[in-house]
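Report on the following structure.
Throughout, read-outs are computed from the coordinates displayed, never taken from laboratory work. Here the structure is a predicted model, which means the values were calculated and not measured. Note that each Cβ is placed from the backbone with ideal geometry, even for glycine, and that neighbours are counted across all protein chains shown.
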Amino acid sequence: MHCTINGNRTEMVIDPRTSLLDFLRDHLGLTGTKKGCNQGACGACTVLVDGERINACLAFAVQYQGRSITTVEGLSRGGALHPLQQAFIKHDGFQCGYCTPGQLCSAIAMANEIERGIPSFVTKNLSTETALLDHDELRERMSGNLCRCGAYNGIVEAISETFAKEPA
Amino acid sequence: MNPFDYLQADNASNAVKLASAAAAGKYLGGGTNLVDLMRETVERPDTLVDVTDLSRRIEARPDGSVMIGAAVKNTALAADRTVRRNFPLLSRAILAGASGQIRNMATVGGNILQRTRCTYFYDEASRCNKRDPGRGCDAIDGFNRYHAILGASPSCVATHPSDMCVALAALDAIVHLEGPEGVRMLKLVDLHRLPGGRPDIETELRPHELITDVELPALSFAARSTYRKVRDRASYAFALVSVAAALDLGDDGNVKDVRVALGGVAHKPWRALKMEAALRGRAATEVNFRAAAEGELSDAAGLRDNAFNRTRQADDRCRPR
Amino acid sequence: MSVLKDTAQKALQTAISFVPDRWLPGAEPDPMRTKHGLIGAPVSRVDGPLKVEGKARFAAEVPYENMAYAALACSTISRGRIAALETAKAEAAPGVLLVMTYRNAPRMAPPPVMNSAPKAAGASDLPVMQDADIHWNGEPVALVLAETQEQADYAKSLIRVTYDLEPAITSFDVAKTRAHPPENILGEPSSIEFGDAEAALNGAAHRVDLMYRTPRYNHNAIELHAATVAWEGDKLTIHDATQMVNSTAWTVAQVFGLKEEQVRVLSPYVGGGFGGKCLWNHQILAAAASKLAGRPVRIALSREEVFRIVGGRTTTEQRVAIGAKPDGTLAALIHTGVAAMTTHNSCPEQFTFPARHLYAADTLKVAQDVADMDMVANTFMRAPGESIGTFALECAVDELAETMQLDPIELRRRIEPEKDPTTGHAFSSRNLIEAYRRGAEKFGWDKRDPTPRARRKGEWLIGMGCATATYPYYRMPGGAARIRLTREGRAIVSTAVHEMGMGTSTVQQQHVAARLGMSFDAVTFEYGDSTLPAGSMAGGSSQTASISATIIAATEALTKELLKLAGNDSPLAGLKPDQVEARNGGLCKRDEPDRFESYASILGRSQRQEVTCEASGPLPLEAQKYSMHSYGAQFCEMRVNMVTGETRVSRFLGSFDTGRILNSMTATSQFKGGIIMGLGLALTEETNFDARFGRIMNPSLAEYHVPVHMDVPRIDVIWNDIPDPHSPLGAHGIGEIGITGVGAAVANAVYNATGKRVRELPITLDKLL
């Protein structure tokens, strides 16, 4: 049994009860992915599975054998920060930094969802094939990631600058 | 969380066989509700049969109906072109629920079978007839802002939390099932039960019966439909009340046909048949909508914290857009 | 805060008449107070790269060999005794190392409760798992230690407990019938009265007399409370998520009968605190279990356990009555009320504090009581008292303005006091009206129609409201800082303080760089470790001023030492410390910059690799001499749906008067963070405490609604940036001021939109139908 984590093939020898989140944090020492509620209500544990964002706390690790998982530790490229990571620093998109890995992973997948034309609750016309990255769309789509320090404005600015063709 | 065996099924018959063989087997979809309930020890299966590899197909048929595999993810269904174009209330209902992450995990079958958010149901210290039949209900006189105003019983005032199901109820969706005794179909509105004296029995599913597909019958005017959700924050919260509605307006300004279902108000997605009947053939005016809504809610009963729901819904439904 | 006041106030007041101090009148002002450079600049966070890469290591992430994992079982009753405690099944479950209960827990002293001693950190002084008594619904009754977290969690579910119930007070309505004044409120009297306020109210030309209610709230920092603990002989190390490393070390030492030095507490990163990351049962229980098992222990609370074991902001009922004369000045100001508390903690929620200092009135009456309840000890949560006190007071001021047909900002101009209304002290720095002026202009307050329901767009009614923000200036006594200056031109500054996202390390690195005339990158700031020189706790918005004072003292000591080392062959020869200043990596004569020698040169000539100086800050006498507070004007634009009662904040602006801003980027974030938590306080958040059982019924982030992205508009923040002449660097702490006034600004905007005065928080949609 194995999966791929941040490009590395990883053996999985685990209790079926172990969540993907605990597998990453406690078994692999990849503690960048955070636990904030363990019930899918805060988004701190967001990771990418084959490019799609999920809450690792609600996932049994055994369900993800053979899949490719990217965590915050896998976002930088060749030692350089991902542009979104840089933008978070520039726009002060965090304070304590605890929700940050989840916000980053979530935003990267969200930008991809927009690229693929996946609508959101605030998309006005569902029959159009394209989705915009305006202020409302961005905030609605990121609402699964709580930030108690209240860095929302900075997060939105960072995401907009990194992904939007036009500023949100 | 109890220890359990994890098994995978690659087809429905196999899944049913695996689950039936266990003493306390359950099907595992996206896990977004079941995993949480297992952590809270509300659910204690000894075997989980992973059914996420079952059908993920969305088939738009020539007659206008759509077949949806039970393992289709919520995001995929909401984003499907046919559904967006022909059944926008379903897309929007799904998109109103949970978060992007959870919609990527949750399956259609799992969404239908999610359990109530009543906090007394979740709390081991509280009395709950759903978790512990016959013990009593602490919600009836407790915090019940999110609780039922329609079809509740002295045993249980919990509500069904799904947004998607409200749209499915309005659309007369049909649920395809496979169980140890073979396959059968049920209308979604007949799948969930009202609590009565046995709120622990939430659906008409037989032991180890599995949802394999959901069928949307053709509905010509479903393209003119929407989903309105009212909640305690702007996003990522369960509904205090929601409305799925589709409207067929005649050239004369009268209602030719209409479908309405309510969420957040009952133990099941609530199809508003009285309201629909009251509207058919009537002029589409605010007064008529309000009267129809009042009619639907004539039996509504408020508890300590949720009586406001009755007023708001009546008003809210006056404005299907 | 009350530590300072309780233990030192009287002595200070005597001493103040003859002890000169840097920030008191007559002292030479600190040149750094106005000097620019990096201080004030928007320097991005030094820990930014670590945090965006997920490399900042939090308390639950510290690895140990042979770690054991803990899970807690908690009581389901509010008061009584454990009758039966069945642990055999749990003990027999796979992987279980031990089950700790009151029967086998080590004997431990109760933690000294906060404010009972200078370093006391106990959230309550109840004994921790020492007997069969239950004091609140959710109190830990057993701890399971196992090889894995999954095993511990499962075993915990096998424990069965039955109780002998005793009568409990779990209804605030019942408790408040027996309310009584607390001994003091953070060292201040629980009531103050001058003049006959009730009579003046009755005789006033205009008056309002209103009741306000606020619910319980929980901090809900996204990082769950956690600790990783390990014993090495009789030495205990706690990797904690805490706002008080020194106090935790001292208090845990009392619990286990150790010397303070035997307990080391490390907390380099804290995933949000807001007053909640202090010493609760879990650190003590983990240390006890670790001692029993002889293994390192990780305890990480679940979200539900955080609600059960860690207290939040308590519930209050407040009366505000204001009487005004025809000219708009106040004849009477009354703010009274009651807050729920327990008999074993010390957090009376100082909601009457704003009324003691904000407005001029002929007569004043403030009085607050506490109502004892059987519940988890309530605690300090971001601007305890001021956040909800300003809700009541500032809503009432708005109502009074309406009664008088006066613009609410104009009313505040007329009631602006010349000196502190209760202490009579001069204000050190108070520019509230200027904050209102600038805020109103930027926000477009002149476009507000004072008539409710006057603006509408589709289904949405639109309204504007404003309110005063205020929070006291505190500086903690007793802290120290150490500076190590190396010949390579680096400065390492060390003090046991905290970084929960406020920007502490970044701001102090800016400060030290400016003060030592070095580049930002040449400075390292060490903190978050109780073995460093004792630092301030992160509370009461006091840390920045407290640290700054210690760094200033340490720099002065360093300057003295450097001049001594420079000796007679230096261009600095013969100069006294007050004749030199730091510049370009060295010292020079202030009025003769060419008389300069670099640190490297001084150290080199004296054959030293480095020089180290440590010093304590002076006593915070300035706060005894002056009325020192931060102020602000909060502006809110609300949209309220006429059909559903849904609320949306469409615009928000905070205009602050908080002395000098030390880093415009992190300060903006702090203000916005406070405002956003204020939006939650106003609109969405509430802890549901079931009065029948004393049990919190929404212990989850799904059911306790903190604001999400979609709830938060772009927020504007501006500030006066007028340095306070009497505080270190001219600055005030700003962690808490942002949340104050927000509840009232929102409620006043809701009123302007809808014509409905909601006087009970949160303003959920049902209250607007």
message: If packing is taken as the average count of other Cβ atoms within 10 Å, what order do A:155-164, C:409-418 fall into, highest mean first?
response: A:155-164, C:409-418
- prompt: Could you give the dipole magnitude of the protein assembly as shown about its Cα centre, charging the beta-carbon of Lys and Arg +1 and that of Asp and Glu -1, in debye to the nearest 20?
  reply: 1160
statement: Taking every residue of B:21-32, the Cβ atoms of other protein chains inside 10 Å of its Cβ average out to 2
message: Per-residue counts of other Cβ atoms within 10 Å, averaged by peptide: what ranking do you get for A:125-133, C:466-474, highest first?
response: C:466-474, A:125-133
field: Computed [θ] at 222 nm, helices only, for the protein assembly as shown once each DSSP H run of length n ≥ 4 contributes -39500 (n - 2.57)
entry: -7500 deg cm²/dmol
- line: Diffing segment C:618-635: the Karplus 3J(HN,Hα) column from phi (6.51, -1.76, 1.60, θ = phi - 60°), in whole Hz with x for Gly and Pro, holds x, 4, x, 5, 4, 6, 7, 8, 10, 7, 10, 9, 9, 9, x, 10, 9, 10
query: Just for segment A:2-74, what percent of DSSP beta bridges are antiparallel, to the closest 5?
result: 85
query: For residue A:136 and residue B:273, what does the FRET efficiency come to when R0 = 30 Å and r is the distance between their Cβ atoms, rounded to the nearest 0.05?
result: 0.30
task: Could you list the residues of segment C:519-538 with an amide nitrogen less than 19 Å from a label point located 7 Å from the Cα of residue C:488 in the Cα-to-C-beta direction?
output: C:519-527
task: Return, for the Cα atoms of segment C:99-198, the radius of gyration and Dmax in Å, separated by a comma.
output: 20.0, 67
- line: Along segment C:565-578, Karplus-curve 3J(HN,Hα) (6.51, -1.76, 1.60; θ = phi - 60°) to the nearest Hz, with x for Gly and Pro, reads 5, 4, x, 8, 8, 8, x, 8, 3, x, 7, 9, x, 7
- prompt: Can you list residues whose amide H is under 5 Å from residue C:722's amide H, if they're 5+ apart or on another chain and H is modeled 1.01 Å from N?
  reply: C:658, C:659
- prompt: Could you give the radius of gyration (one decimal) and Dmax (whole number) of the Cα atoms in segment A:2-74, in Å?
  reply: 10.7, 30
task: Give the span of segment C:596-676's Cα atoms along each principal axis, as three whole-Å numbers ordered largest to smallest.
output: 80, 32, 21
field: Per-residue average of Cβ from other chains inside 10 Å of C:715-727
entry: 0
query: What chymotrypsin sites (Phe, Trp or Tyr not before Pro) does segment C:119-197 have in DSSP loop regions with at most 12 other beta carbons within 10 Å?
result: none
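Count, for each residue of C:273-282, the Cβ atoms from other chains sitting within 10 Å of its Cβ, then give me the mean as a whole number.
1
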- prompt: Taking a temperature of 20 °C and a viscosity of 1.002 mPa s, what whole-number D in µm²/s does Stokes-Einstein yield for segment B:177-263 with Rh from Kirkwood over alpha carbon pairs?
  reply: 132
query: Based on the Cβ-Cβ distance of residue C:419 and residue C:116, what FRET efficiency does E = 1/(1 + (r/R0)^6) give at R0 = 30 Å, to the nearest 0.05?
result: 0.35
- line: Residues whose built amide H sits under 5 Å from the amide H of residue A:5, excluding neighbours closer than 5 in sequence, are A:10, A:69
- prompt: Under a straight-distance cross-link criterion of Cα-Cα below 17 Å, which lysines are reachable from residue C:576, leaving out those fewer than 8 residues away in the same chain?
  reply: C:560, C:564, C:589
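Based on the Kirkwood radius over alpha-carbon pairs, what is the Stokes-Einstein translational diffusion coefficient of segment A:83-163 at 4 °C with 1.567 mPa s viscosity, in µm²/s?
Estimated via Stokes-Einstein, D reaches 102 µm²/s.
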For chain C, convex hull volume per residue from C-alpha positions, Å³: 160
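Can you list which of the trypsin sites (Lys or Arg not before Pro) found in segment C:236-310 are DSSP loop residues with at most 16 other C-beta atoms within 10 Å?
Sites meeting the loop and neighbour criteria: C:259.
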- request: Give the share of C-alpha pairs in each 5 angstrom bin for segment C:269-353, from 0 to the last occupied bin, in whole percents, shortest bins first.
  value: 3, 10, 14, 15, 13, 11, 9, 7, 6, 5, 3, 2, 2, 1, 0
statement: Once residue C:519 and residue C:35 are pulled to full extension, the length gained, defined as 0.36 nm per residue separation minus their Cα-Cα distance, is 172.7 nm
- request: Please give the FRET efficiency for residue B:301 paired with residue A:124, using the beta carbon to beta carbon distance and R0 = 35 Å, rounded to the nearest 0.05.
  value: 0.40
statement: For segment C:265-270, Karplus-derived ³J(HN,Hα) couplings (6.51, -1.76, 1.60; θ = phi - 60°; whole Hz; x for glycine and proline) come out as 10, 10, 7, x, 10, 10
Cα-Cα P(r), chain A, percent of pairs per 5 Å interval: 2, 9, 18, 21, 19, 15, 10, 5, 1, 0
task: Give me the number: length gained by fully extending residue C:213 to residue C:601, i.e. 0.36 nm times residue separation minus the C-alpha to C-alpha distance, one decimal in nm.
output: 133.2 nm
- line: For chain B, the helices passing both cut-offs (Cα extent along own axis of 30 Å or more, Kyte-Doolittle mean at least -0.5, full DSSP H runs) are none
field: Relative packing of A:11-21, C:223-233, which averages over residues the other C-beta atoms within 10 Å, highest first
entry: C:223-233, A:11-21
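So for segment C:31-90, Kirkwood radius off the Cα pairs, Stokes-Einstein at 20 °C and 1.002 mPa s: how many µm² s⁻¹?
Taking Rh from Cα pairs, D becomes 117 µm²/s.
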query: If amide H atoms are built 1.01 Å from N in the plane of the peptide, which residues on other chains or at least 5 residues away come under 5 Å of the amide H of residue C:518?
result: C:585
query: Rounded to whole Å and sorted largest first, what semi-axes of the equivalent ellipsoid does the C-alpha gyration tensor of segment B:54-177 yield via the square root of 5 times each eigenvalue?
result: 33, 14, 13
field: Kirkwood-based shape ratio for the protein assembly as shown, expressed as Rg/Rh from alpha carbons
entry: 0.97
field: Where labels lie 7 Å past Cα in the beta-carbon direction, separation of residue C:329 and residue C:459 in nm
entry: 5.1
query: Of all trypsin sites (Lys or Arg not before Pro) in segment A:91-168, which ones are in loop regions per DSSP and have a Cβ with at most 15 other Cβ atoms within 10 Å?
result: A:116, A:124, A:165
field: Percentage, to the nearest whole number, of Cα pairs in segment B:170-321 over 18 Å apart
entry: 63
query: Does chain B come out rounded, prolate or oblate by the C-alpha gyration tensor, with a ≥ b ≥ c the root eigenvalues, rounded set by a/c under 1.5 and, if not, prolate when a/b is larger than b/c and oblate if not?
result: oblate
- prompt: Is segment C:319-444 best put as rounded, prolate or oblate by its Cα gyration tensor, with a ≥ b ≥ c the root eigenvalues, rounded for a/c under 1.5, and otherwise prolate when a/b is larger than b/c, oblate when not?
  reply: prolate
- prompt: Would you list C:751, A:98 from fewest to most Cβ contacts within 10 Å?
  reply: C:751, A:98
- request: Report the one residue of C:130, C:652, A:97 whose Cα lies farthest in the direction of the positive end of the charge dipole of the protein assembly as shown (charges on C-beta: Lys and Arg +1, Asp and Glu -1; origin at the Cα centre).
  value: C:652
field: 10 Å-binned pair-distance histogram of segment B:119-162 (Cα, whole percent)
entry: 31, 60, 9
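Given segment C:438-539, what whole percent of its Cα pairs are spread farther than 18 Å?
Numbers: 3354 of 5151 pairs.
So the pairs more than 18 Å apart make up 65 percent of the total in segment C:438-539.
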